[in-house]
Structures are given as structure tokens and as C-alpha cells.
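The values are calculated or read from the model by the stated rules, or taken from the named source; none is laboratory data. Just so we're clear, the structure is a prediction, and the values are computed from it rather than from any experiment. When we count neighbours, we look across all protein chains shown, and the Cβ atoms used for this are built from the backbone with ideal geometry, even at glycine.
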């Protein structure tokens, strides 16, 4: 069983292998599922798009960004295209992770989570799309619940040090300058 660090390093390596112009073992361009892979690389207009991964606990946030035209936005099922592109990227990460580590990667969509898609206009012709989808990474346990916060632990240690709350903290000692009963009484 791989450790959490090994899983995260494998996913990061798989994502970094998808740079623009990457080649597979046969010397063919690597197919990730992005728009920049379509068409001829020299003769056609280059499309700027890419993806990134972020981690939060046992979840992976897959972020996609790309440049589109308004014609592409207004034709047919734009949201479906973006969702399928996110799925293609997730399947690429699984395949590449398998090549790198030799073990499989399980990515399942977070329950009741829809992909977030934001389209912003750059000009009358061009727009910019940003989309993200959350996945649960298999093999990484959920975050453990912490019993106390840092502030509570610090507060407890200060109370022990000051000798306050002797009934709660029996190991506390009186300060050295306390000589008698009068020193223990509060002063007004």
C-alpha cells in the first residue's frame, strides 16, 4: 500500500508529464484530451489551454482553463464538452499514474458536486473558460479529527504554569514566593 506522500507525488508527476509538446514512448504527441492537441501544430492557430491539480485532504481539485471563441460557446452543449474534457483529463491522470507507479489510481467525483464553469469575455470574439471538478482520491484516508485546537492546548499549558485551576490540573505547583495563607487569597 502506497503512502499518502507517494500517491500525491505520483499524481503530481502524472500531471507534469502533460506539458505542451510532450511525447509518449513511441514518439507520438501525448493525448491528454485538451483542445491544443486538435489540428496541425504549425499550420493551425494555436489554442491556449491546460490543466492543474490541487490537493485538499483526501480530495483532488482538477482545474481546467482555456481560450474559446464565442461561436464555440453558443453552439450546442458547451457544458457537456467541458465536463467530458475534465473526464478525459482525469482518465489521462489515471493512465499516467499507472505508468509511473505501477499501481492504479481511483478518482471518484465528490457526491453532489457539479463542475464549476466560469466563462469570461476577453473581446467580442474571444472568451476565457475556467472549470474545476473535485474528486476523492482512493487510498488516502479522510483527515483525522483533532481533539483540541492549538489555542486550547496553549491555554491549558499556561494555566498549568500559572497554577490556576488546581482542581482541574492536580500536577500544578504553587509559585515559590507563596509563603502562607494570605498570599493565596486574591487581592483587590
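On inspection, residue 109 fails the criterion of being out of contact with any helix residue (DSSP H, G or I) (no Cβ under 7 Å at 6 or more places or on another chain), closer than 15 Å to residue 7 by Cα and surrounded by 13 or more Cβ atoms within 10 Å (Cβ to Cβ).
Of everything in segment 39-54 that is assigned to a strand (DSSP E or B) and modelled with pLDDT under 90, the residue that is surrounded by the most Cβ atoms within 10 Å (Cβ to Cβ) is 51.
Filtered by the rule that a residue be assigned to a loop (DSSP other than H, G, I, E, B), surrounded by 13 or more Cβ atoms within 10 Å (Cβ to Cβ) and without any contact (Cβ under 8 Å) to a residue 60 or more places away in the chain, segment 114-139 gives a lone residue, 115. Exactly one residue among 63, 75 is exposed (fewer than 15 other Cβ atoms within 10 Å of the Cβ) and at pLDDT 75 or above, and that residue is 75.
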